[in-house]
Amino acid sequence: MDFDTFELSVWVGILLVIALLVGAVGRSMHVNERCKTAGYREGQVVWNFSGFCIKRVDQTDIVVPLERVKETHFADKSDKKG
């Protein structure tokens, strides 16, 4: 591998890392916004980009998957559009 190919592969790697970081931050902001809209305290994203909403009840954190929050909270609003 000559120097130009190596340099190109380093830049491609750096761009891929930047793209993953931007995607992770965007996903985290989206999950947090959806959870707060549904009345939860916060939202979090885990390593595989799954989203969870968290609320506090009697000094216990209740963790609900974002998919269930979408089904229960946002399903009524999407039915009214159609």
Largest to smallest principal axis extent of the C-alpha atoms in the stretch 3-81, angstrom
59, 37, 15
Report the local net charge at G43: Lys and Arg +1, Asp and Glu -1, summed over other residues whose C-beta lies under 13 Å from its C-beta.
+3
Going residue by residue through the stretch 52-68, the Karplus relation 6.51 cos²θ - 1.76 cosθ + 1.60 with θ = phi - 60° gives ³J(HN,Hα) values, rounded to whole Hz and with x marking Gly or Pro, of 9, 9, 10, 9, 9, 9, 6, 6, 10, 7, 9, 10, 10, x, 4, 4, 5
Dividing the helical contributions, -39500 (n - 2.57) per DSSP H run of n ≥ 4, by the residues of the chain yields a 222 nm value, nearest 500 deg cm²/dmol, of -18500 deg cm²/dmol
Give me the percent relative contact order of the chain, please, defined on Cα pairs under 8 angstrom at least 6 residues apart.
17 percent
Please return the longest range in the chain lying between exposed loop sites, taking chymotrypsin sites (Phe, Trp or Tyr not before Pro), DSSP loop only, at most 13 other beta-carbon atoms within 10 Å, and leaving the sites out.
1-46
Rounded to the nearest 20 debye, what is the charge dipole size of the chain about its Cα centre when +1 sits on each Lys and Arg Cβ and -1 on each Asp and Glu Cβ?
660 debye
Under a Gaussian network model of the chain whose springs join Cα atoms within less than 10 Å, the largest fluctuation of I14, I54, I62 belongs to I14
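No value in this document is a laboratory result; all are computed from the given coordinates. Bear in mind the structure is a predicted one, so any value in this text is a computation, not a measurement. Virtual Cβ from ideal backbone geometry, glycine too; neighbours counted across all protein chains shown.
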